[in-house]
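One structure is given below, encoded as C-alpha cells.
The values are calculated or read from the model by the stated rules, or taken from the named source; none is laboratory data. This one's a predicted model, so the numbers in the text were calculated from it and none came from an experiment. Glycine gets a Cβ as well: all are built from the backbone with ideal geometry, and neighbour counts include every protein chain shown. Surface accessibility is based on the protein's heavy atoms, side chains included, excluding ligands, DNA and RNA. Shrake-Rupley method; radii C 1.70, N 1.55, O 1.52, S 1.80 Å.
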Amino acid sequence: MSGNGTTAGDDPLQTAVWRLRSRACWADAAALLPSDTPAYSLQRAGLMVERCLYTERGWEEAEDALRTAEAVARTDEERGAAACERGQLAYAATLHGVRDRADEARAALGRAAALIPPGTSGRALLDFRRGLLAENLTRSPQAARAAYRRAHAAATAHADPLLLSFTWRHLAGLALRDGELAEARHGFAESLRIREELGYLVGTAPALASLADTESEPEASRLREEAGRLFRLLGGVPTWLARQLTPPAPGAATA
C-alpha cells in the first residue's frame, strides 16, 4: 500500500483521490493527479500497482506509470520509493500467477532498502512489503513476522493508520496459523476497526472475512455475510476474496 489513508490537511485533491481509491476506483483517482512532479508520479504509480493487487488487471498501465515515476525521480528517496513500487508490482504478478517475478521483487525491494533512509515513513512501507514477500513467496513466517513488527512500530511512530491496519492484519494471520486464536482475533478486530474509521471500503470486506475465521457461529456467518455484501457492492473486488468467502480458506495468501 501507499499512503496513510488520510488527507494532507484539507487538501481537496487528496481528499478526492482518497475517496475514489477507497472505493476501488484507482484509475479515476490516478486521473485526478497532475503530471508535473515526482511526488504525483509516484502516487499515480502506487495507485495503479494497488489496482493490480486487488483486481488482477491493469498490469500494462501500472508498468507505464512506474516507468514514468522512475524517469522523473530526482532524489534517492524518490528513487527508493519507485523501486518499492516496482517490487510490489513484481510481487503482485507472482502472487496472482501472472508471471514469476519473485527475483525481480526481491531485487527491487533490496534497491529500495539501500535508498530509503531508516526512520522514514517510506521505510515502514518497505518493511511491510518485505514481510509480504517473506510470508507469501519465500514461505518464511519468522522473517515475515520480524518485518511486519518493524513496519508496525514505524507506522505507529509516523501515525500511519492505513499501514497499521495492514500490519495488524498480517500479524494476526501469522498468529492464526500458529493457533494463537485470541491474538489473531484481536489483530483482525483492530484492522477492521481502523479500516471502518478511515472509510477504506475496499479493505473492509477482507477484514470482516478474516475476523470471521476466528469467530464461532453465528457471529462467523454474520461477518462473512457482511463481507460478501461489500464484496458484491464493489463489483467483486478484491478478486482473491472470493476464495475466502466461499468456502472460507484460512491461511490463503492475502494482500
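Taking each residue of segment 132-147 that is free of Cβ contacts under 8 Å to residues at least 40 places away in the same chain and looking for partners that are among the hydroxyl-bearing types (Ser, Thr, Tyr) and open to solvent by less than 50 Å² (accessible area, probe 1.4 Å) with beta-carbon atoms closer than 6 Å, six or more apart or interchain, yields Ala134/Ser140.
Within segment 58-90, being closer than 23 Å to Leu201 by Cα and either under 16 Å from the mean Cα position of the chain (by Cα) or surrounded by 24 or more Cβ atoms within 10 Å (Cβ to Cβ) (or both) holds for Ala62, Glu85, Gln88, Leu89.
Looking at segment 115-146 only, could you name the residues that are of a type in the set (Val, Ile, Thr) and open to solvent by less than 50 Å² (accessible area, probe 1.4 Å)? Lay out the reasoning, then the answer.
If we filter segment 115-146 for residues that are of a type in the set (Val, Ile, Thr), which is where we start, we get 116, 120, 138.
Scanning segment 115-146 gives Ile116, Thr120.
Pairing residues of segment 58-75 that are closer than 14 Å to Met48 by Cα and touching a residue at least 12 places away in the same chain (Cβ under 8 Å) with residues that are open to solvent by 40 Å² or more (accessible area, probe 1.4 Å) and among the aliphatic types (A, V, I, L, M), at Cβ distances under 9 Å and at least 6 apart in sequence or on separate chains, gives Gly58/Ala27; Trp59/Val98; Glu61/Ala27. Residues in segment 95-114 that are open to solvent by less than 30 Å² (accessible area, probe 1.4 Å), out of contact with any Gly (no Cβ under 7 Å at 6 or more places or on another chain) and within 17 Å of Met48 (Cβ to Cβ): Arg101 only.
Taking segment 13-37, which residues are assigned to a helix (DSSP H, G or I) and either at pLDDT below 95 or of a type in the set (A, V, I, L, M) (or both)? Give the derivation first.
Residues of segment 13-37 that are assigned to a helix (DSSP H, G or I), as a first pass: 13-22, 26-31.
Those that are assigned to a helix (DSSP H, G or I) and either at pLDDT below 95 or of a type in the set (A, V, I, L, M) (or both): Leu13, Ala16, Val17, Leu20, Ala27, Ala29, Ala30, Ala31.
Considering Ala205, Ala189, Ala182, the condition of being open to solvent by 10 Å² or more (accessible area, probe 1.4 Å), small (Gly, Ala, Ser) and within 20 Å of Gly228 (Cβ to Cβ) is satisfied by Ala189 alone.
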